[in-house]
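The values are calculated or read from the model by the stated rules, or taken from the named source; none is laboratory data. Only a predicted model underlies this, so the values are computations on that prediction, with no experimental measurement involved. In this analysis, Cβ positions are derived from the backbone assuming ideal geometry, glycine residues included, and neighbour counts consider all displayed protein chains.
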């Protein structure tokens, strides 16, 4: 059989799914679940949302899986259940699993200094940037890092990195000058450039949502001897049957890639630029473990179910139960926190790439102690609740989605539908 025919046959195989059950069999109320579609369809009618997908699984079975609105509103193409979304920072959890897989294999300890594997991060310095509140005088200098960045620091965003990077003496962004994410470079080159900039915090001192997970992507490459996309495919996506999840969408699947929208000041949305629509359509040279993957609701639900099961799905074990428990444990304590959505919400801590619910009473929202979650820049989100044996996946593509309520509404409506 020639290679082209083999690829065609593999692509034509049905995607693997989680088993479905009636809402009653999963302890969900049909009547209460109906509130989700009513709410989401109202958003579609008001032009607040073009389309979305909601999936809820309990006890390993899907009790709710519905679509709302359009994959492409301009052409009135209805949203299909196998639509492909840009999931941005929901990639981080996948990178976290990759790191823990290699940790279990003895490739490193989480307390190891990053520089043991990426020597360019030895001898880091930290920017001190102060502005006098009275005179407005800015003082800038650097000091040596008090300790090395550890792998655990990267997993919990306490590496001293952030997304914008520090400014130089003239107030210009150093990451921009170094062209840290210049098109055409790979992860190895990105790390060399990134390590030339000073950190914005002392390692271990502050949670600051950051490029840390992209650094971990390079660690995976070094520790495994494989490019990140190949490691993801062979060690995570293929075992879990995540056939539509990758760092880019091949041309034969472009007809399932959801239109990207942009919010207007009045809460309505408009179609994003043509250049934005082309994002994720070509294989990149830079595999961003913090933001680079596209996926479907079902694929990501299978990933979440694996974690809820303690690292196993359909007889394929990716992680030990103890590793999943460590990932879903708060690693911040009382450390100060800057940026990052759920991680800075009252009542939440942060584990190893996840926000972790420490106290629903303090959080002030429906949920359970021990539930863990994260989301993406275009509004996608997931949560995993061991107490309720529940997985939720919400897919939408509005960029940016800052302060938009749709994912939070879906989560609230999912929890209020529990009836057992």
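Looking at segment 368-396 only, could you name the residues that are at positive phi and surrounded by fewer than 23 Cβ atoms within 10 Å (Cβ to Cβ)? Those that are at positive phi and surrounded by fewer than 23 Cβ atoms within 10 Å (Cβ to Cβ): 370, 389.
Beta carbons closer than 7 Å, at least 6 apart along the sequence or on distinct chains, pair a first residue in segment 9-35 that is farther than 17 Å from residue 242 by Cβ with a second that is loosely packed, with under 13 Cβ neighbours inside 10 Å and at pLDDT below 95 for 27/420. One residue stands out among those in segment 165-182 that are free of Cβ contacts under 8 Å to residues at least 12 places away in the same chain and outside any helix (DSSP H, G or I): the one that is surrounded by the most Cβ atoms within 10 Å (Cβ to Cβ), which is 173. Within segment 141-153, is even one residue at pLDDT below 95 and in contact with a strand residue (DSSP E or B) (Cβ under 7 Å, 6 or more places away or on another chain)? Yes, segment 141-153 contains at least one residue that is at pLDDT below 95 and in contact with a strand residue (DSSP E or B) (Cβ under 7 Å, 6 or more places away or on another chain).
Considering only residues in segment 60-78 that are outside any strand (DSSP E or B) and within 26 Å of the chain's Cα centre (by Cα), the one that is surrounded by the fewest Cβ atoms within 10 Å (Cβ to Cβ) turns out to be 60. Restricting attention to segment 258-272, the residues that are free of Cβ contacts under 8 Å to residues at least 24 places away in the same chain and out of contact with any strand residue (DSSP E or B) (no Cβ under 8 Å at 6 or more places or on another chain) add up to 2.
Take the conditions modelled with pLDDT of 95 or more and either assigned to a strand (DSSP E or B) or assigned by TED's automatic domain parsing to the domain that holds residue 309 (or both) and apply them to residue 39. Does it pass? Here the answer is yes, as residue 39 does meet what is asked.
If only residues of segment 199-208 that are touching a helix residue (DSSP H, G or I) at 6+ places or on another chain (Cβ under 7 Å) and surrounded by 21 or more Cβ atoms within 10 Å (Cβ to Cβ) are counted, the one that is nearest to residue 188 (Cα to Cα) is 203.
Does segment 126-137 include one or more residues that are part of a helix (DSSP H, G or I) and buried (at least 16 other Cβ atoms within 10 Å of the Cβ)? Looking through segment 126-137, none of the residues is part of a helix (DSSP H, G or I) and buried (at least 16 other Cβ atoms within 10 Å of the Cβ). Applying the set (1) surrounded by fewer than 24 Cβ atoms within 10 Å (Cβ to Cβ); (2) more than 14 Å from the chain's Cα centre (by Cα); (3) at pLDDT 95 or above; (4) closer than 21 Å to residue 156 by Cα to residue 347 leaves exactly one unmet item: (3).
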